[in-house]
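This is the structure I have questions about; it appears just below.
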Amino acid sequence: MMNSSAFRIAGVVVLYNPTPEVIDNILTWAEQVETVYAVNNTPRPGPGIGSLGTQGDDSDAGDWTPADRLVSLGNVTYLPLGENVGIARALNIGAERAVAAGFDALLTMDQDSRAEADLVARLLECREAVEGRPGIVAPFHLTRAVRRPPPETTFTEVMTPMTSGCLLELTAWQGVGPFRDDFFIDFVDNEYCLRLRRAGYLVIRANRALLEHAVGDITRHGPLIATNHSPLRRYYKSRNRLVVFREYLFTFPGHCLFDLVRIAKEIASILLFEDEKGAKLRMMWRGVRDFFSGCMGKYT
């Protein structure tokens with residue numbers, strides 16, 4: 001374990017139709033925390049991840065599943081939900097478990113992220129270096145779209161980093177409340193970081209803590225980035241970003257106005273470079289419609 005006994009760290013990873021590669025990703029960071037809460041959002045888990053045995057169950061058969069590899073670590077608590085309750089609720093389940101077990105912080109991980117061996121140590125190093133109340137310490141993300149080297153400075157104050165690889169202070173989570181379950185997915189991290197900042201917590205990035213993060217099928221076209229998100233994801237992004245805009249416009253006007261520019265760029269990227277143009281634009285409109293009608297939660 002890389003964290004000391006004085007400051008206890010658990011990890012949570014949200015699973016959804018995981019593959020063997022996902023288990024390999026988790027193995028890059030699982031031993032850096034004391035306990036891992038693996039929350040499975042897959043509606044009907046298949047035999048590879050649904051029936052989790054122990055090392056003793058399958059060692060004689062010589063036919064371990066990827067999930068058996070994960071559980072064989074000994075510090076994994078597997079939480080199959082039997083349905084997709086969304087990223088926000090899954091993260092809250094991990095946080096609730098961690099608080100009840102007396103942990104101080106929660107490492108929030110996506111299933112498609114791979115960590116450097118010193119990720120947690122670097123996050124803790126950054127946490128100790130800052131003055132003020134840290135709410136989230138984020139890593140420096142390396143993606144296919146962004147391959148620039150990290151800054152020379154130890155840390156940078158950031159506005160809304162992605163969830164994966166973040167060290168969340170559980171006193172802050174208790175102080176500002178849980179992630180918004182009604183967002184389901186998309187802008188969950190954005191809203192939460194703004195809420196932390198509004199409450200006086202710091203959101204910082206540890207520039208020496210590196211995380212390899214796969215962010216969908218992203219392609220860059222000059223100033224435009226095509227994320228190639230599905231029509232359903234376009235629905236959630238449109239609806240939830242408007243909620244964020246409404247609730248944080250007067251607190252963080254620059255951030256919200258900048259995000260309006262991003263909407264225009266996303267529409268341009270869809271029209272110029274992405275498939276399913278009509279379906280995506282229709283779902284964006286439905287997201288706008290549901291925002292105005294107050295319809296939140298999972299899309300039905």
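The values are calculated or read from the model by the stated rules, or taken from the named source; none is laboratory data. Computed from a prediction, not measured in an experiment: that's the story for all the values here. With ideal geometry, Cβ positions are generated from the backbone for all residues, glycine too; neighbour counts draw on all protein chains shown.
Here is a list: F245, F291. Which entry is crowded, with 16+ Cβ neighbours inside 10 Å, farther than 30 Å from L124 by Cα, among the hydrophobic types (A, V, I, L, M, F, W, C) and touching a residue at least 40 places away in the same chain (Cβ under 8 Å)?
It is F291.
Just one of (1) in contact with a helix residue (DSSP H, G or I) (Cβ under 7 Å, 6 or more places away or on another chain); (2) surrounded by 14 or more Cβ atoms within 10 Å (Cβ to Cβ); (3) more than 24 Å from R197 (Cβ to Cβ) trips up C256, so point out which.
The failed condition is (3).
Would you be able to tell me the number of residues in the range 105-130 that are over 24 Å from L15 (Cβ atoms) and among the charged types (D, E, K, R)?
So the answer is 5.
Against the conditions (1) among the charged types (D, E, K, R); (2) assigned by TED's automatic domain parsing to the domain that holds E157; (3) out of contact with any Asp or Glu (no Cβ under 9 Å at 6 or more places or on another chain), where does E276 fall short? Just the number, please.
That leaves (2) as the condition not met.
Does the range 118-131 contain at least one residue that is modelled with pLDDT of 95 or more and either under 24 Å from I225 (Cα atoms) or in a loop (DSSP other than H, G, I, E, B) (or both)?
The answer is yes, given that some residue of the range 118-131 is modelled with pLDDT of 95 or more and either under 24 Å from I225 (Cα atoms) or in a loop (DSSP other than H, G, I, E, B) (or both).
For M159, work out the one condition from (1) closer than 26 Å to E31 by Cβ; (2) loosely packed, with under 15 Cβ neighbours inside 10 Å; (3) touching a Cys at 6+ places or on another chain (Cβ under 7 Å) it doesn't fulfil.
Among (1) closer than 26 Å to E31 by Cβ; (2) loosely packed, with under 15 Cβ neighbours inside 10 Å; (3) touching a Cys at 6+ places or on another chain (Cβ under 7 Å), M159 violates only (1).
Within the range 190-214, count every residue that is surrounded by 18 or more Cβ atoms within 10 Å (Cβ to Cβ) and within 23 Å of S269 (Cα to Cα).
Matching residues across the range 190-214 total 2.
If you don't mind, another one. What are the pairs with Cβ atoms under 6 angstrom where one residue, in the range 12-28, is under 15 Å from V39 (Cα atoms) and the other, located anywhere, is part of a helix (DSSP H, G or I) and at pLDDT 90 or above? Sequence gap at least six, or different chains.
Close Cβ pairs (under 6 Å, with a partner that is part of a helix (DSSP H, G or I) and at pLDDT 90 or above) amount to V12/G94; V13/I26; V14/I87; V14/A90.
Taking S164, is it polar (S, T, N, Q) and outside the structural domain of L272 (by TED's automatic domain parsing)?
For S164, the condition - polar (S, T, N, Q) and outside the structural domain of L272 (by TED's automatic domain parsing) - is met.
Return the residue satisfying two criteria in turn: it lies in the range 264-278 and is more than 14 Å from T219 (Cα to Cα) and in contact (Cβ under 8 Å) with a residue 12 or more places away in the chain, and of such residues it is farthest from the chain's Cα centre (by Cα).
E276
Any idea how many residues of the range 132-168 are part of a loop (DSSP other than H, G, I, E, B) and over 18 Å from the mean Cα position of the chain (by Cα)?
10
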